[in-house]
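The values are calculated or read from the model by the stated rules, or taken from the named source; none is laboratory data. The structure presented is a predicted model; accordingly, all values stated were derived computationally and were not measured. Note that we place each Cβ from the backbone using ideal geometry, even for glycine, and neighbour counts take in every protein chain shown. Surface accessibility is based on the protein's heavy atoms, side chains included, excluding ligands, DNA and RNA. Shrake-Rupley method; radii C 1.70, N 1.55, O 1.52, S 1.80 Å.
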Amino acid sequence: MPAARPETTVAIVVGPSTHPPGTHEVKAGGRLLAWALENMKNVSGVRARVFFEEWPRDRTVLDDVDAVVFIGDLFPPHRMEDSATILEDLAAMMRRGAGIVCLHHANGVPAENAPPDGAHPLLEWMGGYFAPRNRHHRSVARVFDSVTVSPAGPSHPVSAGWRTFTVADEPYYNNYFGPDGNRPAPNVTILATAQVPPEDPKTEAVAWGVERKDGGRGFGVVMPHFYKNWADENLRRLILNGVVWAAGREVPATGVETPPPDLHAFGAAGIEPRPRRTETKK
């Protein structure tokens, strides 16, 4: 008799990355996220499958996926082989109500992948995206030695259990939410904000969620840049809340709880980043 299927399946798709050790660490980050999802203390029945720099070859696997999470340098489907097929498969998944999540740089859609009017599928699927040096919009990537991130949607499930935190990171800002004065659509909720840049601070969205007409959900968060920040309980809870919510599961009132991860256990090339000489342009 075949084993019963887990209640929820999350596919983690790791795209290519050329960042130095300690930054992005997308393969280690994908493994860590999978471990965290399968070891949540207060949410059970979640299985995570990780795919490294490839889309599932067995397309029937996609039928069981409740949410797909992307991590990598820029939106991975554009950096992977047979991009058009991946986007077609994603569109079909979104139509049936699957969730989508992008972490940090995976939110990025550069000019060569975005039409002049900015109407990339992520705008509908996830509610917004990071638009580096695009024709229609210019988001900003900048590393801060100290940035404070605060909950912005107190009644939203993704806001459960985490509090304002301060880390060194690269929270992209002036992210793109649409042509209507760049205001988020009515079905988009800003979930976390930061006051950046320090010399001219404005309230900038660094995490958001969308509830789509097809019944699916999308979640975008523009951190973590530094791998070591997975150890931050509040940031990790924000991310895990978002993944659980996007997969259609109920987020506990106290937020998702996990054991502290051993950052050395997931194959990172470096835990601490190398000393930074100049800011990376993206």
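Listed by first and then second residue, the pairs linking a residue in segment 29-42 that is closer than 21 Å to G15 by Cα to a residue that is in a helix (DSSP H, G or I) and open to solvent by 10 Å² or more (accessible area, probe 1.4 Å), with Cβ atoms under 6 Å apart and 6 or more places separating them unless they lie on different chains, are R31/F266; L32/F266.
Scanning segment 44-66 for residues that are part of a loop (DSSP other than H, G, I, E, B), surrounded by 18 or more Cβ atoms within 10 Å (Cβ to Cβ) and either charged (D, E, K, R) or at pLDDT below 95 (or both) turns up at least one hit. Quick check: is even one residue across segment 127-142 polar (S, T, N, Q) and open to solvent by 10 Å² or more (accessible area, probe 1.4 Å)? There is at least one residue in segment 127-142 that is polar (S, T, N, Q) and open to solvent by 10 Å² or more (accessible area, probe 1.4 Å).
If you go through segment 16-26 and keep only what is surrounded by fewer than 24 Cβ atoms within 10 Å (Cβ to Cβ) and either under 14 Å from the mean Cα position of the chain (by Cα) or on the phi > 0 side of the Ramachandran plot (or both), you end up with just G22. Scanning segment 201-228 for residues being surrounded by fewer than 21 Cβ atoms within 10 Å (Cβ to Cβ) and either at pLDDT below 95 or more than 20 Å from F130 (Cα to Cα) (or both) gives a total of 4.
Name the residue that is nearest to E54 (Cα to Cα), counting only residues in segment 78-113 that are surrounded by fewer than 24 Cβ atoms within 10 Å (Cβ to Cβ) and small (G, A, S). Top of the filtered list is S83.
Figure legend. Inter-residue proximity from segment 142-154: first residues outside any strand (DSSP E or B), second residues at pLDDT below 95, beta-carbon distance below 9 Å, spacing 6+ or different chains. Indicated pairs: R142/E279; V143/R276; V143/E279; V143/T280.
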